[in-house]
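Working notes for the structure below.
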Amino acid sequence: LQNTRIKSIDPEWFTTTKNLHSLFLNRNNITELTRDAFVSLEKLNTLALTSNNIQEIHSEVFHPLTKLQTLQLEDNDIASIPVDLFSTLENLDFLDLGFNKLESIPPGIFRSLTKLTQLSFMRCNIRQLSADSFEGLDGLMRLNLNQNFLTDRPKDIFSKMNQLNSLGLWSNQLK
């Protein structure tokens, strides 16, 4: 369903595809993710929503997707993330939020993502990080914060990330 000019997601589309493991909705015109958009896709492993116009995301839209391992939300118009958006995604390994309009990362938003190994916020508008922006990401291996507007970072913000082997901070305004 890539590049098909879809404007919204009708949950009825997926009622007969309950065994679906991957869903690619890239390069469409989706502006909103409603609560029930993926309600019948409990077996989904990969969800790609790259290059849409997503602005609004319901806080429970991903809650049925407990088996999800890869979530691609890059290149949209996302300006804020609901705090409990990822709370049921305990199996998530890869999350890309790059190329969005995010100015900050809500504290504790990743608390339940204990299996996450790769996270990207490349080329967002992030201006500041809090001490607990990455709380719970002890197993994170790759973090991309390239091309943002960071001028400073809290002391020890990455200290609990013992597995971190790739940290991208280039093209920021760090002192």
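Taking every protein chain into account, the 1.4 Å probe leaves S87 with about 50 Å² of accessible area, to the nearest ten. Across the chain, C-alpha contacts under 8 Å between residues 6 or more apart give a mean separation that, scaled by the residue count, equals a relative contact order of 14 percent. Nearest 5 is fine: what % of DSSP beta bridges in the chain come out antiparallel, could you say? In the chain, approximately 0 percent of DSSP beta bridges are antiparallel ones. For I57, the residues whose modelled amide H falls within less than 5 Å of its own, excluding neighbours fewer than 5 places apart on the same chain, are L33. Solvent-accessible surface (1.4 Å probe) assigned to M141 amounts to roughly 80 Å². Taking K and R as +1 and D and E as -1, what net charge do the other residues with C-beta under 15 Å from the C-beta of W170 add up to? Here the charged neighbours net out to +4. In the context of the full set of protein chains, the chain has a per residue accessible area of 51 Å² (1.4 Å probe). In order along region 115-128, the phi-based Karplus estimate (6.51 cos²θ - 1.76 cosθ + 1.60, θ = phi - 60°) of 3J(HN,Hα) comes to 9, 5, 10, 9, 9, 10, 10, 4, 6, 9, 10, 5, 9, 8 Hz; Gly and Pro are listed as x.
Phi angles of region 81-86 translate, via the Karplus equation with coefficients 6.51, -1.76, 1.60 and θ = phi - 60°, into HN-Hα couplings of 10, x, 4, 9, 4, 9 Hz per residue; Gly and Pro are given as x. Short-range pairs are left out: with C-alpha atoms under 8 Å and at least six residues apart, the relative contact order of region 1-47 is 51 percent. Think of region 1-143 as having a plus end and a minus end, set by charges on the Cβ of Lys, Arg, Asp and Glu; of F24, I54, T34, F24 sits farthest toward the positive end of this dipole.
Of all the options D93, D77, D156, the one that moves most in a Gaussian network model of the chain with Cα springs shorter than 10 angstrom is D156.
Heavy-atom surface analysis with a 1.4 Å probe gives the chain a carbon and sulfur content of 44 percent of its accessible area.
The values are calculated or read from the model by the stated rules, or taken from the named source; none is laboratory data. Given the structure is predicted, the values throughout are model-derived calculations rather than measurements. Heads up, the Cβs are rebuilt from the backbone with ideal geometry, glycines too, and the neighbour counts pull from every protein chain shown. Side chains are part of the model used for accessible areas, which takes the heavy atoms of the whole protein and leaves out ligands, DNA and RNA. Shrake-Rupley method; radii C 1.70, N 1.55, O 1.52, S 1.80 Å.
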